[in-house]
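Before any comments, here is the structure.
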Amino acid sequence: MQNLPIEVRELYAARQRIYPLIRRTDLVYSPTLSARSGAQVYLKLETQQVTGAFKVRGAANRLLQMTPAERERGVITVSTGNHGRAVAHVAQALGMRAVVCVPKLVLAHKVQAMRDLGAEVRVTGASQDEAEAAALEMAAAEELTLVSPFDDPAIIAGQGTIGLEILEDLPMVDAVLVPLSGGGLLGGIALALKSASRAIRTIGVSMARGPVMVASLAEGHPVQLPEEASLADSLTGGIGLENRYTFALIRQLVDETALLSEEEIAAAMVYALKEEHLVVEGGGSVALGAILHDKVDVAGKTVVAVVSGGNVDMALLAQLLAEATG
Ligand SMILES: *Cc1c(COP(=O)(O)O)cnc(C)c1O
């Protein structure tokens with residue numbers, strides 16, 4: 001593995017740094033998914049993570065490496081969901097100021113969740129791009145540190161600690177499936193796994209509606225796609241045409257990708273609830289969904305599906321359950 005933008009020892013350093021602020025989550029065997037797929041299937045439960053999703057690992061690793069002067073001034077980020085919550089949570093734990101910029105269409109309960117964590121939420125701009133522009137301006141004007149949701153070595157290293165935990169709990173793992181959007185999660189996990197053994201298969205899973213990283217891999221460079229609404233809302237959004245780290249990592253370290261339709265995502269969320277008794281958000285369900293819907297050939301193998309988050313609107317989940325059970 002050559003010319004990678006980040007080294008595996010940074011994952012071990014991240015692990016030492018972040019454990020006071022995050023949970024080491026469980027890896028659980030799934031008898032039902034194993035029986036259906038003919039594989040030995042395990043689920044890595046980031047639904048148990050502080051703030052309900054894995055993103056607090058990267059946020060903790062990033063904020064803990066800021067200088068005292070930077071900490072004094074605070075952080076700013078753009079997010080409608082799990083990354084905003086994670087940054088707000090870590091900033092609160094460290095006694096720092098946190099500003100989260102969100103576009104005008106954001107749902108009120110998401111804004112409230114971040115305010116409850118002590119963040120200042122600025123509702124600004126019609127789109128994600130406009131909110132980003134506003135955040136850049138404010139970062140410069142108020143000397144705040146801008147925290148990227150994925151394209152930052154410290155964020156990638158934080159997410160990669162999940163890969164180290166999987167290797168410790170299940171050294172004989174053959175393949176790992178990971179939800180994929182900007183690629184911080186998959187990039188970090190793939191770095192951990194491939195450093196242990198090139199033979200461990202790394203598989204990214206996205207929604208079929210606007211999978212920007214998968215389209216970028218096909219083109220050989222970062223591309224933009226029109227943003228579409230999806231049940232996997234935590235996976236929507238671009239990778240940045242100026243992507244610096246995650247595209248290169250994913251291109252070198254990821255073996256396969258798979259895509260799920262909206263119906264398949266809904267079925268995966270309902271399956272997780274009914275069979276695994278897990279509350280999982282759309283984006284968190286796609287790796288498990290790829291096994292459920294036979295998107296990958298894993299028969300006879302020992303595989304892990306990362307269940308990346310559980311922050312789902314309960315009314316939506318209830319509706320999907322009602323539709324599924326007729
Ligand atoms: C952010 C997020 C992802 C995707 O992570 P990337 O690093 O952007 O690929 C997957 N699942 C959940 C629940 C998320 O919040």
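The values are calculated or read from the model by the stated rules, or taken from the named source; none is laboratory data. Source: prediction; values computed, not measured. Backbone-built Cβ (ideal geometry, glycine too); neighbour counts: all protein chains shown.
A few points about this structure:
- Residue tally, condition away from the ligand (no atom under 13 Å from the Cβ) and surrounded by 15 or more Cβ atoms within 10 Å (Cβ to Cβ), over segment 226-247: 1
- Options ALA126, ALA140: the member that is closer than 14 Å to SER79 by Cα, without any contact (Cβ under 8 Å) to a residue 24 or more places away in the chain and surrounded by fewer than 17 Cβ atoms within 10 Å (Cβ to Cβ): ALA126
- Looking only at segment 81-99, and only at residues there that are within 16 Å of the ligand (Cβ to nearest atom), among the hydrophobic types (A, V, I, L, M, F, W, C) and free of Cβ contacts under 8 Å to residues at least 60 places away in the same chain, the one that is surrounded by the fewest Cβ atoms within 10 Å (Cβ to Cβ): ALA88
- In segment 164-189, the residues that are of a type outside the set (A, V, I, L, M) form Cβ pairs under 7 Å with partners that are away from the ligand (no atom under 16 Å from the Cβ), at six or more places apart or across chains, as follows: GLU165/ARG24; ASP169/LEU27; ASP174/ILE200; ASP174/ARG201; ASP174/LYS301; ASP174/THR302; ASP174/VAL303.
- Of the residues making up segment 286-326, those that are away from the ligand (no atom under 16 Å from the Cβ), in a loop (DSSP other than H, G, I, E, B) and over 17 Å from LEU186 (Cα atoms) number 9.
- Verdict on ARG122 being assigned to a helix (DSSP H, G or I), of a type in the set (Lys, Arg), away from the ligand (no atom under 13 Å from the Cβ) and more than 19 Å from the chain's Cα centre (by Cα): no
- Any hit, segment 262-277, residues being within 16 Å of the ligand (Cβ to nearest atom), modelled with pLDDT of 95 or more and in contact with an Asp or Glu (Cβ under 7 Å, 6 or more places away or on another chain): no
- Every residue from segment 131-180 that is closer than 19 Å to ALA91 by Cα and part of a strand (DSSP E or B): THR145, LEU146
- Residue list for segment 298-314, filter: at pLDDT 95 or above and exposed (fewer than 13 other Cβ atoms within 10 Å of the Cβ): ALA299, GLY300
- Taken across segment 184-201, residues that are closer than 16 Å to ALA232 by Cβ, among the polar types (S, T, N, Q) and modelled with pLDDT of 95 or more do not occur at all.
- With a requirement of 2 or more residues that are away from the ligand (no atom under 16 Å from the Cβ) and crowded, with 20+ Cβ neighbours inside 10 Å, the strands (runs of 3 or more DSSP E) lying completely within segment 1-80 that satisfy it span 40-45, 75-78.
- Selected residue [within 15 Å of the ligand (Cβ to nearest atom), within 30 Å of GLU228 (Cα to Cα), modelled with pLDDT under 90 and not polar (S, T, N, Q)] from LYS110, LYS104: LYS110
- Selection within segment 200-220 - more than 15 Å from the ligand (Cβ to nearest atom) and without any contact (Cβ under 8 Å) to a residue 12 or more places away in the chain: ALA218, GLU219, GLY220
- Test: residue in segment 208-225 that is surrounded by fewer than 18 Cβ atoms within 10 Å (Cβ to Cβ), charged (D, E, K, R) and more than 30 Å from LEU21 (Cα to Cα): yes
- Within segment 224-245, residues that are more than 12 Å from ALA208 (Cα to Cα) have Cβ atoms under 7 Å from residues that are more than 10 Å from the ligand (Cβ to nearest atom) and among the hydroxyl-bearing types (Ser, Thr, Tyr) in these pairs: ILE239/SER216, counting only partners at least 6 apart in sequence or on another chain.
- Residues that are farther than 11 Å from THR257 by Cβ and either within 10 Å of the ligand (Cβ to nearest atom) or hydroxyl-bearing (Ser, Thr, Tyr) (or both) within segment 184-199 comprise GLY184, LEU185, GLY187, GLY188, ILE189, SER195, SER197, listed in sequence order.
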